[in-house]
Amino acid sequence: MSFNFTEGEVLLVDKPLEWTSFDVVKKLKWLIQKKEGKKKIKLGHAGTLDPLASGLLILCSGKFTKKISEIQNQEKEYTGQFFLGATTPTYDLESEPENFKELDSVKEELIRQTALEMTGKLAQMPPIFSAKKVKGVRAYELARRGEEVELQPKEIEIYEFEITDVALPLISFRIRCSKGTYIRSIAHDFGQSLGCGAYLKELRRTRIGEYKVEDAQDIPQWEEALSS
C-alpha cells in the first residue's frame, strides 16, 4: 500500500474504546514518521470521538488537512445504547450512575414516540463535562473543579432517530444527525422526556458523510499497513 502523506491522505480509523482522538493521531503520526524517515508530517482529525465511544475517526495528512472543516461539517451517523432509569453527571459512564428510578410506567410505545418527537431541529444544551470553552476554559475543567458552568444551547438537527431494540433498561438506537450533536445530551434529554432519566451506555460512530466505518482499519491494521 503506497501513500503520499505530504500531498495528502484521508485515513479512516476504527477508533478503539478508551483511546482519545488525540491518542489515535499521536499513534499514527509516529507510525507515519517512522515510515517516512522522521520527516515531519501534518496530521489532524476531523471530529473528536469521546474515549468511551468507538468507530469512525477520520484523519487528514499534509495538504489534505485543509479538508478537515469540510469533513466535520458533514452529517454523522451513530449506533449505541441508552440505559434508562438512572443518570450520570457526565451523561455517560465516565461517571457513576445515580438517581435510580423504576421503569414500570415506561412502555415501548412511549419510547418510540419520544424518539419521534426528538427528531428535527432542536436547541441542544451541551454537557457541562464537554470540551466547549467558557471564557477560554474548557467546560469540563470548570466542572471538575466544582465551579459553575454556564453554557448556551446550540441548534442541531436530528435527521433520523430509530429505536432498533427495546430490552429495558437498555434501548438500542441509530441516530443520523448534524455536526456538533452530543449523543450524550440526546441520552440525557431522552431520559428527562420519559421522566425516568437515562445515560449513554455505548456509542459507535458508523458514518461521516460518505465515509463509512466498514471501510476503516483498526490500529493493528494501520500498524501493519504503515510498516510494510
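Here residue 33 and residue 211 are evaluated by their C-beta separation; at R0 = 30 Å the FRET efficiency comes out at 0.80.
Over every Cα atom in the chain, the radius of gyration and the widest Cα-Cα span, Dmax, amount to 19.0, 63 Å.
Restricting the calculation to alpha carbons of the stretch 1-91 gives Rg and Dmax of 15.5, 54 angstrom.
Exposure proxy for 28, 93, 122: other Cβ atoms within 10 Å of each Cβ, ordered fewest to most, give 93, 122, 28. Each residue of the stretch 168-223 gets 115 Å³ once the volume of the Cα convex hull is shared out per residue. Between residue 157 and residue 96, the contour length at 0.36 nm per residue exceeds the alpha carbon distance by 19.1 nm. Extension gain for residue 104 to residue 118 (0.36 nm times residue separation, less C-alpha to C-alpha distance): 2.8 nm.
A short reminder: the numbers here are calculations on the coordinates, not readings from a lab. The model shown is predicted, which means the values in this text are computed figures rather than measured ones. With ideal geometry, Cβ positions are generated from the backbone for all residues, glycine too; neighbour counts draw on all protein chains shown.
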